Amino acid sequence: MKILVSGASVAGPALAYWLHRHGFDCTVVERATSLRDSGHAVDFRGEALAVLDRMGVLEAVRAHDTAMGDATLIDREGRGYATLPAVIFAGELEILKGDLTRILHQATQEFTEYVFGDSIAVLEQSADGVRVTFDSGRVRDFDLVVGADGLHSNTRGLVFGREDRFVRHLGIYSAIFSTDNYLGLKNTGWLYSVPDRAVNIFSARDSTEVRVALHFASGPLEYNRHDVTEHKRIVAEHFAGTGWEVPGLLRAMAAADDVYFAANAQVVMDRWHDGRVVLLGDAGYCAAPTSGRGTSQALIGAYVLAGELAAADGRHTEAFAAYEREMRGFVDEHQRVGREWAQRYFIDSLTQETIDAAVAAATQGGTDELVTLREYSLADR
Ligand SMILES: Cc1cc2nc3c(=O)[nH]c(=O)nc-3n(C[C@H](O)[C@H](O)[C@H](O)COP(=O)(O)OP(=O)(O)OC[C@H]3O[C@@H](n4cnc5c(N)ncnc54)[C@H](O)[C@@H]3O)c2cc1C
């Protein structure tokens with residue numbers, strides 16, 4: 001079977017790996033002209049680590065561990081008032097998402113056809129397959145198509161309908177960028193919060209730089225998703241008059257060339273498949289960054305989807321239904337957590353009790369019992 005995957009970030013390359021292990025041929029199309037070097041960090045625990053291990057990339061991922069230590073919570077006067085244990089925000093292992101994407105790409109490029117700088121323009125499903133017309137004008141036939149193209153999934157738009165039917169805004173916008181480590185942070189971070197605004201700063205790349213995240217509360221905003229100058233202006237307006245290190249960070253943002261600006265949002269859908277097309281990762285069930293589990297969902301979802309396709313011997317209707325059954329409870333719980341943390345996001349003094357509860361939740365296996373990594377027998381390749 002020939003399977004087309006849209007999106008080469010986390011879910012797409014992870015699926016390419018498992019499809020190959022089960023004997024399917026895979027093409028991955030990525031709109032960006034090269035691998036994207038996204039600035040934020042992602043973390044793993046529990047079953048997601050088990051998937052990385054089964055893929056044989058766990059050691060490579062560990063080699064890029066940010067080795068983040070505990071962070072300091074800063075109050076509105078700019079004073080550190082509590083310590084936030086790393087396990088809450090960095091899991092058992094944390095790496096920059098760009099590093100993860102590179103590792104997954106390297107692990108799959110030998111047997112996967114990667115097409116960069118293109119995108120699906122038209123999908124025509126028939127009883128026998130899917131005819132795909134790309135933006136480049138190429139027309140190709142596949143047996144199945146998987147949308148692993150993120151929160152603003154192109155595949156979802158083409159097959160399931162308009163984004164506003166599925167994307168739920170959680171009332172928080174975030175701008176993330178990197179800058180020099182002029183604050184001298186070493187394997188640690190600062191989290192500053194006042195009503196409706198919060199700032200996280202973490203050291204990165206052996207403490208040679210810092211990753212800054214500026215978050216603010218807002219209802220849905222109208223803006224051009226591709227206009228970085230406009231993004232910088234919106235963020236600067238929302239942080240005007242904020243104290244502490246914020247004025248210096250706004251100057252750093254103005255000069256930064258890697259500003260990523262996005263709404264915290266979830267994707268909520270009754271079903272993730274339609275005929276021969278299925279959604280994976282953020283495209284189908286984004287839980288929002290406030291859940292801290294989007295990468296796990298993408299990795300585990302890829303493992304389950306490919307495994308169910310193999311278990312059903314390629315009968316996609318059966319396989320897609322089984323994939324949804326396996327994943328649904330796990331996703332629902334992460335989405336609940338994502339919404340809950342979005343509501344508690346801008347608190348300027350976390351109590352020790354809240355911190356202790358978060359540590360307990362982070363160290364007790366969390367939501368792992370909601371998904372079991374079934375053993376799917378692998379093809380001989
Ligand atoms: C600020 C922030 C912080 C986060 N922190 C964490 C964390 O601590 N822990 C955690 O587990 N998760 C975290 N996440 C979530 C995590 O990044 C995502 O859940 C995860 O990357 C989902 O992977 P994905 O492959 O499904 O989608 P994405 O990573 O969004 O990738 C989608 C890919 O599809 C491509 N694409 C888009 N349109 C097209 C098209 N038309 N054609 C072809 N390709 C296309 C994109 O270029 C991209 O490469 C965070 C996310 C953000 C934004």
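The values are calculated or read from the model by the stated rules, or taken from the named source; none is laboratory data. What you see is a predicted model, and the numbers here were worked out from it, not measured in a lab. In this analysis, Cβ positions are derived from the backbone assuming ideal geometry, glycine residues included, and neighbour counts consider all displayed protein chains. Calculation scope for accessible area: heavy atoms of the full protein, side chains included, ligands and nucleic acids excluded. Shrake-Rupley method; radii C 1.70, N 1.55, O 1.52, S 1.80 Å.
List of remarks:
- Percent carbon-and-sulfur accessible area, the range 229-312, ignoring ligands, DNA and RNA, probe 1.4 Å: 49 percent
- A protection proxy built from the mean count of other Cβ atoms within 10 Å ranks the segments 94-101, 148-155, 30-37, most packed first, as 148-155, 94-101, 30-37.
- Assuming charge only on the beta carbon of Lys and Arg (+1) and of Asp and Glu (-1), the dipole of the range 142-204 about its Cα centre is about 160 debye to the nearest 20.
- Beta bridges assigned by DSSP with both partners in the range 1-159 are antiparallel in approximately 55 percent of cases.
- Anisotropy class of the range 83-131 from Cα gyration tensor, a/c 1.5 cut: prolate
- Charged side chains reduced to their Cβ positions (Lys and Arg at +1, Asp and Glu at -1) give the range 185-310 a dipole of some 220 debye around its Cα centre.
- Which of Gln297, Ala311, Met253, positive extreme of dipole for the range 250-324 (C-beta unit charges): Met253
- Between the helical axis of 294-311 and the longest alpha-carbon principal axis of the chain there is an angle of about 10 degrees.
- Neighbour cut-off at most 14 other Cβ (10 Å), DSSP loop, trypsin sites (Lys or Arg not before Pro), the range 267-323: Arg271, Arg315
- Here the convex hull built on the C-alpha positions of the range 243-381 has a volume of 168 cubic angstrom per residue.
- Nitroxide proxy distance, nm - points 7 Å out along Cα→Cβ at Ala255 and Arg54: 4.7 nm
- Whole-angstrom gap from the range 59-84 to the range 118-189, using each part's C-alpha centre: 30 Å
- Here the chain is treated with +1 on each Lys and Arg Cβ and -1 on each Asp and Glu Cβ, and its dipole about the Cα centre works out to around 440 debye.
- A crude spin-label estimate for the pair Arg165 and Val115, with each label 7 Å from Cα along the Cβ direction, gives 2.6 nm.
- For the chain, the longest principal axis of the C-alpha atoms and the axis of helix 11-21 are separated by about 40°.
- Protection proxy ranking of 102-113, 220-231, 297-308, 324-335 - average other beta-carbon atoms within 10 Å, highest first: 297-308, 324-335, 102-113, 220-231
- Eigenvalues of the alpha-carbon gyration tensor of the chain, scaled by 5 and square-rooted, set the equivalent ellipsoid semi-axes at 36, 22, 19 angstrom, largest first.
- Potential extension, Asp70-Val122 segment - 0.36 nm per residue separation minus Cα distance: 13.9 nm
- Computed over the range 1-108, the ratio Rg/Rh where both radii use C-alpha atoms and Rh is Kirkwood: 1.10
- Our summary gives the chain a relative contact order of 22 percent, counting only alpha carbon pairs under 8 angstrom and 6 or more residues apart.
- Gained length - Thr372 relative to Ser136, 0.36 nm times residue gap less alpha-carbon distance: 80.9 nm
- In degrees, nearest ten, helix 228-239 long axis to first principal axis of the chain (Cα): 40 degrees
- For Glu222 and Asp348, the difference between the fully extended length at 0.36 nm per residue and the C-alpha to C-alpha distance is 42.6 nm.
- Residue-normalised accessible area of the chain, expressed per residue, 1.4 Å probe, Å²: 43 Å²
- Given charges at Cβ of Lys, Arg, Asp, Glu: the chain dipole, positive-most of Phe160, Phe116, Phe44: Phe160
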